[in-house]
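To start, the structure under review is shown below, and the notes come after it.
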Amino acid sequence: MKLSKQAINVLEELQDTEELTISQFEERGYDQSMVNRAALELQEKGLIEIEEEEEESYELTEAGEEVRKEGSPEHRLLERVEEGDNRISDLQDLQIDVALGKAREHGWIQIRDGEVELLDPGEEALGEDVLKKRLGESRFKEEDVKRGLVDETTSTVRTLKITDEGYEIDAGDVELEFNVEAEAETPRVGKTHFYKDILGFAREKFMEMGFQEMSGDFVVPGLLNFDALYTPQDHPARDLQDTFFMEKPEKSDLSEYGEKVQHIKETHEDGWETGSSGWGYDWSEEDAAQNVLRTHTTAVSARRLHEIDVNEEELPKKFFIIGRNFRNETVDRTHLAGFIQLDGIVVGEDLNFKNLKAYLSEFFEKMGYSEFRLIPSYYPYTEMSVEVQVWDEEEEAWLGMGGAGLFRPEVVKPLLGYEATVLAWGLGLGRVAMKAAGLEDLRELYRNDIEILETTPKWRPKNRGEK
Amino acid sequence: MANIEIDKREFDELLGKSIDEEKMIEQGSMLGAHWHSIDGDVCEVETYPNRPDLLSVEGLARAYQGFFGIETGKKEYEADKGDEKVEVDDSVDEVRPHIAGAIVRDLELSKKKINGLIQLQEKLHETMGRRRDKLAIGLHDLEELEPPFTYRAVEPEAVSFKPLEYDKEMQLGEILDEHEKGRKYSWILEDEERYPIIEDSERKVLSFPPIINNQLTEVHSGTSDIFIDVTGKHEETVKKALNILVTALADRGGQIESLEVGGETMPDHSPEKEELDVEYFREVSGLDLSAKEVAERLEKMRFGADAKKRKVEVEVPAYRTDIMHDYDLIEDVVIAHRYDNIEPEMPKVDQLASQKDIEDLADRVRDILTGKGALEANTYYLSSKEKLFEKMDREPEEIAEMSNALTEDYAVVRNWLSPSLFQALHDNRHHSYPQEFFEAEDVVELDDSAVGASNRTKLAYLISGTGIDYTDARKALQVLERDLGVELEVREAERDFMKDGRCAEILLGGEKIGFIGQYSDKVVTNWDLDEPVAGFEVYLDELE
């Protein structure tokens, strides 16, 4: 009898154990597709039998997980109503539609004039959150699946069982069938992360263009993240929704910025010496000292402008940073609480909008995009404010890659102490990474699934000319 | 970004020309407003917060008339001289000091036009108005009212009226407690002892700004004359909002009538006058345009513009809120010139590139540890105390914490990396073993710097699988040590989260820079793992 090397290995395992499932083989370090191929080969020769069984498995979804931790919306509703919090408009922090729907279904409540009243069954149900308990004990019901609390997955469990004939074969006597066309197992090797590879590539490109790298801290005073960037203190970005405010450490000591704090204040209030009319409001130093997690790497560019000493460094100068930034968002398929941005600034006396367009188009050409355009946009700290778009040949659509512009004089003069032109941009490459790995869910960029890490090819730009 | 929905046919009618929808989607963006088709004739238009004058179909049509060259230059708005007045009482100074107002007559309103008007009102509330705090708008059918009007502040129980959407007389305090709008916006009047109202000469309350109007004055399709009030906390903003509303109504054929508000005649349509130096324009934009060409482009953006030899005299329409500096005028000239028509020009900036040492070191570490066989992880910087300390069986430490995090999962900034790598092992439980991860990234530590916290760069490494123990972590550390050419000392130590007798501190030149060990069964179980885990974590920035 002739058998492949793989089939002999599988047979030998089964001679020791009688039967194994495919996943048990995997635990022993076998590759799943290799075992399947070997199994078919052995079955054909009558040495093993393959048994297949459907197995259903259940796992809590994110919504289910929340019920398990926090309790079901309908039970939380009962508790709140019991506490006297019975106006529907006050209960919006619960998933109110679900809560009301379920509670009514159970006959726990009635609603009158926008107020929720507990009925007798509701009073009784208060005692224990049955759903929460059930999910906690993994006792799932069909209705939980329908409600989206539990994911049901069906998988086929394949068991390989040795036959009598299989037992009797002496593996040592089997003639080896060598197939040069058969695939070998691909070994697991060390590998860098695809997203970091792309960022590393971009970093190289900025250095090819002669840029110097900057660095900066995540926790910064609002002064750097907002005020120095001429973002008024009542700007919606400073609202609680978007920005992480620090509890620890809460405030910065701004004394290192010296008289610049006063200049920034005056610039906001009436334009100071910048030629601007300013925003026209009373600026608060307290708000500027409040620490935040930087919401853009532009805060690092602002810091760099503050640090440039005209006597030490001759203009023009150009700098870049690739760094993490933070937004107070609920994390889901399309939102993360942070993102990576590539910021660049070019500081000089004789720079203009055409130059800005040149740097951006050069960079994206190096990144493999042959078509590129700018369209008007808005940021409080730049003017012309532009959105940078590249043409994606696969999707046949313009993709937004970030923002750019000339820093306003209201930003430059207070920070530098004199007038100069500053070209600036903040770009994102998350979408490039998503495409490289064929991902639909943003969270996968940070989940490190071994299969995705292993199977994603090393990134290179699509169009590779001389750039 | 604010989005409005408009009817494309209405837009075309106001524009005076029918423009293909595809062309609007393609070219509309070049003005700075993005068009999306919804269905039928409905388009969604996204605008930026610097142009609240584009939040109506009228404002958009006015702007695109210029942009497409259908009608250029500053549009003139004339107000008839009116006799009506709004008296402003000092009592509002403390609570909501500013009011602007105007009357617009002879309107022919339809349901659709009223909806457009309400949309403009709501969007102005949300954007410029900072959710009604900075400004709030009331629109009133004039027919039921007897001017002059009075704007004053009264005690919560002093007056009552039937607010919109509620069929009973309510006092101001009751409205704040019970009415849906009252509850939504009561935060604006928090801690105030008196609340602002507008009433007519017969003491009928028209409005309780910024909360709700009297249902008596609700605008309907038969309304022909409207009284507009804008109240708020910032004088300039209040007046600009009035101008935006009034010009939109005038574009619809309404006749503006002036009103005396607190002794001042409103609306004031007189333009701000600016001078744009053409040489300055050329420096900033890089475009070699003449004064005449600059003026033509400004007119396309609906400014008044008069080209002189070296400068352009500019009249800024009273509804524009965003012209603070010559830079703003320059931007509009370049927009009219179109960004597409700008030729890129690389400047000469002679400079040698440089990178941060720590980034270079991190790159070497990537080479070394991937060569050893580990996968590089990319993980979240934000975490929870549960993951950083509880699950790791480590005493909680003082770390950087946010005050307003939406979820507990992202409420602190991590001060060490190993928990993130445990998360990676946890998420890969279904894949085969052994598994090996590393990451070289920043963490944040509290310190006594001016900010109170600083970034540090760390390196963490974990290996897990059947039979994995301390020795496997030690092997990886030795590869790192050898290939970086550093000499590290490993000295036995104890950590709660490591197995007894399987833990050590890592020292460089006598300074502690990290730890190495095999993790305790408790930690492994906490992360739902079945196989043993060993690893190390060091301050990478100490190895620079």
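What follows draws every value from the coordinates through simple rules; no lab data is involved. Note that the structure is predicted; figures quoted are calculated from it, not measured. Counting neighbours? That spans all protein chains shown, and the Cβs are built from the backbone with ideal geometry, glycine included.
A few points about this structure:
- Listed cross-link partners A:LYS265/B:LYS356; A:LYS102/A:LYS141; B:LYS168/B:LYS233; A:LYS191/A:LYS462 are compared with a 24 Å cut-off, the Cα-Cα value being larger for A:LYS265/B:LYS356; B:LYS168/B:LYS233.
- Chain B: C-alpha gyration tensor shape, a/c 1.5 cut-off, then a/b vs b/c: prolate
- Three-way shape label, region B:406-544, alpha-carbon gyration tensor, a/c 1.5: oblate
- Point-to-point label distance, A:SER370-B:ARG105, nm (Cα→Cβ direction, 7 Å offset): 6.5 nm
- Reach of B:LYS309 by Cα under 16 Å, taken over lysines that are not fewer than 8 positions away in the same chain: B:LYS292
- In summary, the lysines within cross-link reach of B:LYS111, defined as a Cα separation below 24 angstrom excluding same-chain residues under 8 places away, comprise B:LYS8, B:LYS17, B:LYS123, B:LYS162, B:LYS181.
- When you filter the trypsin sites (Lys or Arg not before Pro) in region B:68-155 for DSSP loop state and at most 14 other Cβ atoms inside 10 Å of their Cβ, you are left with B:LYS81.
- Residue-averaged 222 nm ellipticity for the protein assembly as shown, from DSSP H runs of 4+ at -39500 (n - 2.57), nearest 500: -9000 deg cm²/dmol
- Chymotrypsin sites (Phe, Trp or Tyr not before Pro) lying in DSSP loop within region A:362-467, provided at most 13 other Cβ fall within 10 Å: A:TYR418
- Order of A:ASP287, B:ASP328, B:ASP167 - criterion: other Cβ atoms within 10 Å of each residue's Cβ, fewest first: B:ASP167, A:ASP287, B:ASP328
- Taking the convex hull of Cα positions in region B:211-259, its mean projected area over all directions (nm²): 4.3 nm²
- Sorted largest first, the principal axis extents computed over the alpha-carbon atoms of region B:386-447 equal 40, 24, 21 Å.
- Ratio Rg/Rh, restricted to region A:130-245 and using Cα atoms, in which Rh is the Kirkwood radius: 1.26
- When region B:351-439 is described by a simple charge dipole with +1 on each Lys and Arg Cβ and -1 on each Asp and Glu Cβ, the residue from B:HIS430, B:SER384, B:GLN355 located farthest towards its positive end is B:HIS430.
- Positive minus negative residues near B:ASN115 (Lys, Arg vs Asp, Glu; Cβ under 12 Å): -1
- Table column - 3J(HN,Hα) (Hz), region A:63-77, Karplus curve with 6.51, -1.76, 1.60, x for Gly and Pro: 5, x, 4, 5, 4, 4, 7, 9, x, 6, x, 5, 6, 4, 4
- Separation of region A:92-133 and region B:199-243, taken as the distance between their Cα centroids, equals 41 angstrom.
- The GluC sites (Glu not before Pro) of region A:154-198 that DSSP puts in a loop, and whose beta carbon has at most 14 other beta carbons within 10 Å, are A:GLU181, A:GLU183, A:GLU185.
- Of the peptides B:446-455, A:338-347, B:238-247, the ranking by mean beta-carbon count within 10 Å, highest at the top, reads B:238-247, A:338-347, B:446-455.
- In a simple Cβ point-charge model (Lys, Arg +1; Asp, Glu -1; nothing else charged), region A:179-294 has a dipole of about 520 debye relative to its Cα centre.
- Binning the C-alpha pair distances of chain A at 20 Å intervals from 0 yields a P(r) profile of 18, 34, 32, 15, 2 %, listed from the shortest bin outward.
- Axis angle, to the nearest 10 degrees, between helix B:111-126 and the longest C-alpha principal axis of chain B: 50 degrees.
- Hull-based mean projected area of region A:324-467, where the convex hull spans the alpha carbons, in square nanometres: 10.3 nm²
- Rounded if a/c under 1.5, otherwise prolate or oblate - region B:174-248, Cα gyration tensor axes: oblate
- The alpha-carbon of B:LYS85 sits under 19 angstrom from the alpha-carbons of these lysines, leaving out residues fewer than 8 places away in its chain: B:LYS204, B:LYS239.
- Net charge dipole, chain A: roughly 2260 debye, given to the nearest 20, about the Cα centre with Cβ charges of +1 for Lys and Arg and -1 for Asp and Glu.
- Our note on the geometry: Cα centres of region B:1-40 and region A:26-91, 47 Å apart.
- Pairwise centroid distance, computed over Cα atoms, of region B:487-544 with region B:74-112, Å: 72 Å
- Farthest toward the positive end of the dipole of the protein assembly as shown, out of A:LEU135, A:VAL331, B:GLY485, is the Cα of B:GLY485, where the dipole comes from beta carbon charges about the Cα centre.
- When the listed pairs A:LYS317/A:LYS357; B:LYS74/B:LYS300; A:LYS366/B:LYS23 are checked against a 19 Å cut-off, the alpha-carbon distance exceeds it for A:LYS366/B:LYS23.
- Förster radius 25 Å - calculated FRET efficiency between B:ASP363 and A:ILE452 (Cβ-Cβ, nearest 0.05): 0.65
- Remark: region B:27-75 carries a charge dipole of roughly 340 debye about the Cα centre, counting +1 on each Lys and Arg Cβ and -1 on each Asp and Glu Cβ.
- Shown here is the pair-distance distribution of region B:61-180: with all Cα-Cα distances grouped in 10 Å bins from zero up to the longest one, the shares run 9, 26, 42, 15, 6, 1 percent.
- When only alpha carbons of region B:448-508 are considered, Rg and Dmax amount to 14.9, 48 Å.
- Rounded to the nearest 0.05, the FRET efficiency derived from the C-beta distance between A:GLN43 and A:GLU70 at R0 = 56 Å is 0.65.
- With N counted as the residues of the protein assembly as shown, its alpha-carbon radius of gyration over 2.2 N^0.38 Å works out to 1.10.
- Listed residue (A:LEU427, A:GLY344, A:GLY403) projecting farthest to the positive dipole end of region A:341-444, Cβ model: A:GLY344
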